[in-house]
Amino acid sequence: IVLILMLVPLSVSQASAQAVEFVTIEWTDLIPQDEFDILSNPPAYMDDIEDGSAEDQIGNLLKNTLANAEESRYQEALVSTNIKPEMDGRAVRIPGFIVPIEFDGDQIITEFFLVPYFGACLHMPPPAPNQIIHVKYAEGLKLEALYNPFWISGILKASLISNDMATAAYGIEMRSYEAYTQ
């Protein structure tokens, strides 16, 4: 008996797609350490702000002139476009909520922002740009409800993208998505 084995060569993109292992990350992994430290220790006056009050609105906070350098740096971190260079080009898997930017006539979303919490950019001020990921996905995805989170896997890129809704300091070359489960 003669066994003939045929090897079919893979294209570079097929071979690399099969070899990619996506590392699960958290949103805090996208923030430079110095800014994470600042955001983890907000100025004392933040404890005195009542949830939902006028002072709780980020726009009002940013309008205030702050004499204290620590407070100023905290405010800067809230709107930072600074990224972690070591995240650029990494194959990642991250959970988040989809904020549609472009969709076709069948409501298939082809471009969106991925954000860390429900309502970001739509019902409240957007997170810092280094907490928003811009995604283009030509194949598109159908979203049943905005409050459903997803796992998004792809190659993370340092890429500043801005539109009327928000600014993203990262982009992702999306490879796959799935419903979020813990």
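The values are calculated or read from the model by the stated rules, or taken from the named source; none is laboratory data. Computed from a prediction, not measured in an experiment: that's the story for all the values here. FYI the Cβ positions are ideal-geometry reconstructions off the backbone, even for glycines, and counts take in every protein chain you see. Keep in mind that these areas ignore ligands, DNA and RNA; they rest on the heavy atoms of the full protein, side chains included. Shrake-Rupley method; radii C 1.70, N 1.55, O 1.52, S 1.80 Å.
What to note about this one:
- Per residue Cα convex hull volume in Å³ - calculated over the stretch 64-169: 114 Å³
- Area accessible to solvent at T110, 1.4 Å probe radius, in Å²: 40 Å²
- Potential lengthening between E144 and D34 on full extension [0.36 nm per residue; Cα-Cα distance subtracted]: 35.8 nm
- Most to least accessible of Y137, Y147 (protein chains only, probe 1.4 Å): Y147, Y137
- Multiplying the residue separation of T181 and E102 by 0.36 nm and removing their Cα-Cα distance gives an extension gain of 25.9 nm.
- Peptides 127-134, 173-180 ranked from most to least packed give 127-134, 173-180, packing being the mean of other C-beta atoms within 10 angstrom over each peptide's residues.
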